[in-house]
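One structure below.
The values are calculated or read from the model by the stated rules, or taken from the named source; none is laboratory data. Every value quoted in this text rests on a predicted model; they were computed, and no experiment measured them. Because the Cβ atoms are built from the backbone with ideal geometry, glycine has one as well, and the counts that use them run over all protein chains shown. Just the protein is used for accessible areas: all its heavy atoms, side chains included, with ligands, DNA and RNA removed. Shrake-Rupley method; radii C 1.70, N 1.55, O 1.52, S 1.80 Å.
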Amino acid sequence: MEAGAMRLAIVGIGNNASALVQGIAYYDGEWEGPLPGVSRTFLGGIKITDVEIVAAFDVSSNKIGKRVVDAIFCPPNNYPDLGVTSVHASPCVSPGIDAPDDQEQIRGVADVLKKQQADVLLYSLPTGLPAMARAYAEAAIAAGVAVVNCTPDPIAGVPELMARAQEENIPLVGDDLQSHFGSSVVHGALLALLKERGVTLVGSYQLNVGGNADFNNLRSMGQGKERSKHRALRQKISSTDSVTVVPSAGFVPYLADRKVGLMSVEGRGWANMPVKIDVQLQVQDSSNAAGVIIDLVRIAALARERGEGGFPVAATPLLKSPHLVEDAQAQVKHGQELLASLADDRDD
Ligand SMILES: NC(=O)c1ccc[n+]([C@@H]2O[C@H](COP(=O)([O-])OP(=O)(O)OC[C@H]3O[C@@H](n4cnc5c(N)ncnc54)[C@H](O)[C@@H]3O)[C@@H](O)[C@H]2O)c1
């Protein structure tokens, strides 16, 4: 793939898009040593600043028609302004799909994707809109464009979409990403540690609060996210029956795009004696998403370029609900090996 050739379309110009677009610009220019907060500078030869935004869609009247670099600051977005000046090409936000059964709207999105020669469509809508997820996936498949779904609403998990994508050599990456350093990752590591040390799990909970639009939405639309978070934990332990997860335990406006995750784990050690761990995690919520999206879109572009349709297994370790092609823990291990082989040795 040529430098600057990874062409990304984004649907949903919310906080994730803001963190991604500003982050790409932030890493532009000369850096000495490893880039802060970056897992893989190169992935399959594609570097972060090779990712160019070529199309964007939203349905919010205060975002449509604005350049992406301006739309990312429209409310309710509240990811911080990083003050970056060198933002790569910034198209205007096109009207997206507001009626998922409207074939004309789906064709309209497909036409823009083709015209802009997008390689990948990032699906980043509020959680709880499965019909929308399907409509945008239909548009991407019609345009021959790979999809990365960073929400728990199924795309890769819809067997019929997956079968068509495999037939037409279109990668479908999903569903729902595991944040860079989020509650699922930290909670999963704690539970795995108990298991590894032979401590019996008695019970555990994970409560998350934040002040962005996603937290507000997840108060009422959190069921899909809750299932997805359980699936992420099951990549580490076989049963989550005694684990309670609350994706949005409260909307706290003053936190803006910051998130607080509280995790408590109780177990029993030798002679049934108690073990207890309480952890508080504080992170910038949408940086946490963008730090993983940047890898997922490069995995998708690479698979598309190689004509590998369907689910790219290298994405498995980065997802909460990966499309399963084999048993979950074996697939994660295989995915980790593939991902390591894709990371360019210039990372060292
Ligand atoms: N922040 C994280 O760490 C993280 C991690 C994993 C997954 N996610 C998921 O990513 C998704 C996006 O998160 P966000 O914080 O950017 O959300 P957000 O609410 O800030 O942004 C969503 C955007 O989608 C737009 N939109 C709504 N309906 C639309 C439609 N029909 N067509 C086009 N655009 C539409 C909204 O106007 C808004 O601009 C959520 O589902 C969230 O749960 C976030």
Scanning segment 253-290 for residues that are under 18 Å from residue 38 (Cβ atoms) and in contact with a Ser or Thr (Cβ under 7 Å, 6 or more places away or on another chain) gives 286, 288, 289
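Those residues that are over 18 Å from the mean Cα position of the chain (by Cα) and hydrophobic (A, V, I, L, M, F, W, C), I need them from segment 133-165; list them, please. Show your work before the answer.
Here is the first cut: in segment 133-165, the ones over 18 Å from the mean Cα position of the chain (by Cα) are 135, 138-139, 141-144, 159-165.
Answer for segment 133-165, where residues must be over 18 Å from the mean Cα position of the chain (by Cα) and hydrophobic (A, V, I, L, M, F, W, C): 135, 139, 141, 142, 143, 161, 162, 163, 165.
Answer yes if at least one residue in segment 255-269 is among the polar types (S, T, N, Q) and touching a Lys or Arg at 6+ places or on another chain (Cβ under 7 Å), and no otherwise.
Within segment 255-269, the subset among the polar types (S, T, N, Q) is 264.
Imposing the further condition that a residue be touching a Lys or Arg at 6+ places or on another chain (Cβ under 7 Å) reduces the set to none.
No, because not a single residue in segment 255-269 is among the polar types (S, T, N, Q) and touching a Lys or Arg at 6+ places or on another chain (Cβ under 7 Å).
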Index of the failed condition, residue 81 passing every other in (1) among the acidic types (Asp, Glu); (2) touching a Phe, Trp or Tyr at 6+ places or on another chain (Cβ under 9 Å); (3) closer than 20 Å to residue 151 by Cβ: (3)
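Would you check if there is a residue in segment 114-132 being assigned to a helix (DSSP H, G or I) and more than 22 Å from the chain's Cα centre (by Cα)? Walk me through it before giving the result.
Step one: list which residues in segment 114-132 are assigned to a helix (DSSP H, G or I), which gives 114-115, 130-132.
Next, from what is left, pick out any that are more than 22 Å from the chain's Cα centre (by Cα): 114-115.
Looking through segment 114-132, at least one residue is assigned to a helix (DSSP H, G or I) and more than 22 Å from the chain's Cα centre (by Cα).
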When you scan segment 265-287, how many residues do you find that are farther than 29 Å from residue 210 by Cα and open to solvent by less than 50 Å² (accessible area, probe 1.4 Å)? 1
Within segment 96-110, tally of residues that are near the ligand (Cβ under 10 Å from one of its atoms) and either under 21 Å from the mean Cα position of the chain (by Cα) or crowded, with 16+ Cβ neighbours inside 10 Å (or both): 5
Please find, within segment 181-196, the residue that is nearest to residue 303 (Cα to Cα) out of those that are touching a residue at least 12 places away in the same chain (Cβ under 8 Å) and open to solvent by 60 Å² or more (accessible area, probe 1.4 Å). 181
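Which of the residues belonging to segment 308-348 are charged (D, E, K, R), at pLDDT 85 or above and not in a loop (DSSP other than H, G, I, E, B)? Lay out the reasoning, then the answer.
Keep residues of segment 308-348 that are charged (D, E, K, R), which gives 308, 320, 326-327, 333, 337, 344-348.
Add one more test, that the residue is at pLDDT 85 or above, and what stays is 308, 320, 333, 337.
Passing the criteria: 333, 337.
Return a yes/no flag: does segment 224-231 have any residue that is touching a residue at least 60 places away in the same chain (Cβ under 8 Å), more than 19 Å from residue 320 (Cβ to Cβ) and not in a loop (DSSP other than H, G, I, E, B).
So the first thing to find is which residues in segment 224-231 are touching a residue at least 60 places away in the same chain (Cβ under 8 Å), and the list is 224-225, 227-229, 231.
Going one step further and asking which of them are more than 19 Å from residue 320 (Cβ to Cβ), we end up with none.
No: segment 224-231 contains no residue that is touching a residue at least 60 places away in the same chain (Cβ under 8 Å), more than 19 Å from residue 320 (Cβ to Cβ) and not in a loop (DSSP other than H, G, I, E, B).
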Matching option when the condition is open to solvent by 50 Å² or more (accessible area, probe 1.4 Å), farther than 28 Å from residue 338 by Cα and not small (Gly, Ala, Ser), among 82, 113: 82
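For segment 27-61: of the residues being of a type in the set (A, V, I, L, M, F, W, C), under 30 Å from residue 99 (Cα atoms) and out of contact with any helix residue (DSSP H, G or I) (no Cβ under 7 Å at 6 or more places or on another chain), which is least open to solvent (accessible area, probe 1.4 Å)? Working first, answer last.
If we filter segment 27-61 for residues that are of a type in the set (A, V, I, L, M, F, W, C), which is where we start, we get 31, 35, 38, 42-43, 46, 48, 51, 53-57, 59.
Now restrict to residues that are under 30 Å from residue 99 (Cα atoms): 51, 53-57, 59.
Going one step further and asking which of them are out of contact with any helix residue (DSSP H, G or I) (no Cβ under 7 Å at 6 or more places or on another chain), we end up with 54, 59.
Numbers: 54: 7, 59: 87 Å².
Result: 54.
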Of the residues in segment 142-157, those that are open to solvent by 10 Å² or more (accessible area, probe 1.4 Å) and within 21 Å of residue 326 (Cβ to Cβ) come to 154, 157
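When the residues of segment 146-199 are narrowed to those that are of a type in the set (D, E, K, R) and assigned to a loop (DSSP other than H, G, I, E, B), which ends up nearest to the ligand (Cβ to nearest atom)? Talk me through it step by step, then tell me what you get.
Initial filter on segment 146-199 (of a type in the set (D, E, K, R)): 153, 160, 164, 167-168, 175-176, 195-197.
So of that shortlist, the ones also assigned to a loop (DSSP other than H, G, I, E, B) come out as 153, 168, 175-176.
Details: 153: 7, 168: 23, 175: 10, 176: 6 Å.
For segment 146-199, the residue satisfying everything is 176.
Which residue is surrounded by the fewest Cβ atoms within 10 Å (Cβ to Cβ), if the candidates are limited to segment 202-222 and must be assigned to a strand (DSSP E or B) and touching a residue at least 60 places away in the same chain (Cβ under 8 Å)? Spell out how you get there, then give the answer.
Step one: list which residues in segment 202-222 are assigned to a strand (DSSP E or B), which gives 202-210.
With the extra rule that they be touching a residue at least 60 places away in the same chain (Cβ under 8 Å), the set shrinks to 202-204, 210.
Details: 202: 15, 203: 12, 204: 22, 210: 26.
Here the residue is 203.
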Filter segment 46-88 down to the residues that are assigned to a loop (DSSP other than H, G, I, E, B), among the hydrophobic types (A, V, I, L, M, F, W, C) and farther than 13 Å from residue 28 by Cβ and list them by number. 59, 64, 72, 73, 74
